[in-house]
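Below: the structure, in structure tokens.
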Amino acid sequence: KPWIRVVCGTVVVLGALGILFTVTRAVWIGAIAGTLAAMIVVPRARRYIVPTVIVGVIGVIAVLALVPGLSAKADDRVNDKLPVWDRYNTNNAAVRMAEARPIFGFGWQTFVDKGADYLRQTDTYPLTGAGIEVHNVFLSHLAELGLVGTALWCVALFGAVGGAIVRRGPPELYPWRMGLLAVFICFLVVGNLGPLSYPFPNLLLWTWAGIAGAEFFLVPRRTSKVSDGVDVPRPLPAASGDTTTRELV
């Protein structure tokens with residue numbers, strides 16, 4: 001319906017503006033990587049990659065020019081070295097903590113209190129980062145949960161979210177799966193560049209994965225009778241790409 005298309009287009013524009021207004025480099029990089037990855041995977045979207053990039057660049061330039069003070073804030077953020085130093089220091093401290101206790105780590109959410117003991121001065125950048133979180137979710141878990149906890153977390157993350165993306169399902173969930181791909185890649189990029197401790201991005205990822213994987217996780221497999229009267233499990237209808245037909249395997 002036309003009004004639904006208008007609402008969807010408005011959401012896209014507002015979402016793009018929200019990404020820019022975060023004035024956060026990790027979010028910018030993650031959003032670009034997730035969007036391009038999803039467009040590359042979806043055959044029908046590939047022809048829109050170049051126009052999307054052109055419109056995106058023009059839009060960013062226009063917003064920076066028209067919104068008062070935004071250009072100065074973005075420029076300050078791009079040239080700010082302190083967050084880079086914090087990442088270097090906290091990431092290296094997390095690696096040292098993981099080397100000290102590699103199996104089970106130091107305990108959940110202990111880096112803020114114990115990480116300062118593993119900070120070291122270097123010759124190339126100042127010593128910063130005491131009392132803050134690790135700016136890398138994977139290294140944070142490795143320091144606090146060790147190899148065992150981090151491995152379990154990765155299995156859960158990639159098994160549930162990644163599984164919801166790659167599992168074949170009904171055609172109506174195909175756009176949700178491709179959208180989840182974009183969100184997941186953005187999540188991974190931001191998770192490698194920041195602590196990602198805010199509730200909303202984590203809630204969004206798992207809620208979206210639940211919607212995209214609902215058909216697989218919630219609907220039981222269908223059965224069909226064979227000649228000897230035994231019920232044989234049969235998979236749910238599978239869809240490949242954005243086809244509008246279902247095919248029983």
- Item | Given charges at beta-carbon only (K, R positive; D, E negative), |dipole| of the chain in Debye | 820 debye
- Debye sum, Cα scatterers, the chain, no solvent: what log₁₀ I/I(0) at q = 0.07, 0.08, 0.09 1/Å? -0.35, -0.44, -0.55
- Would you please give the residues with an amide H less than 5 Å from that of residue 169, counting only those at least 5 places away or on a separate chain, with H modeled from the backbone geometry? 239
- Message: So, for the chain, what is the accessible surface per residue at a probe of 1.4 Å, expressed in square angstrom?
- Response: 61 Å²
- Message: From Cα pairs below 8 angstrom and at least 6 apart in sequence, can you work out the relative contact order of segment 1-159, rounded to a whole percent?
- Response: 20 percent
- Item | Folded to 0 to 90 degrees: helix 174-193 orientation relative to the chain principal axis, Cα | 20 degrees
- Task: Output the peptides 68-79, 103-114 sorted from most to least packed, where packing is the average of other Cβ atoms within 10 Å over each peptide's residues.
- Result: 103-114, 68-79
- Heads up, I need the accessible area for residue 88: 1.4 angstrom probe, whole protein in place, Å², nearest 10. 110 Å²
- Message: Which order do you get for 101, 5 if you rank them by accessible area with a 1.4 Å probe, largest at the top?
- Response: 5, 101
- Item | Sulfur and carbon atoms: percent of accessible area, the chain [1.4 Å] | 68 percent
- Item | Dipole of the chain, positive end: most advanced residue of 190, 151, 209 [Cβ charges, Cα centre] | 209
- Task: Report the dimensions of segment 40-134 along its three principal axes from the alpha-carbon atoms, largest first, rounded to Å.
- Result: 50, 38, 25
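The values are calculated or read from the model by the stated rules, or taken from the named source; none is laboratory data. Model, not experiment: these values are computed from the prediction. Positions of Cβ are generated from backbone atoms using ideal geometry, with glycine treated the same way; all protein chains shown enter the neighbour counts. In case anyone asks, the SASA skips ligands and DNA or RNA and just uses the protein heavy atoms, side chains included. Shrake-Rupley method; radii C 1.70, N 1.55, O 1.52, S 1.80 Å.
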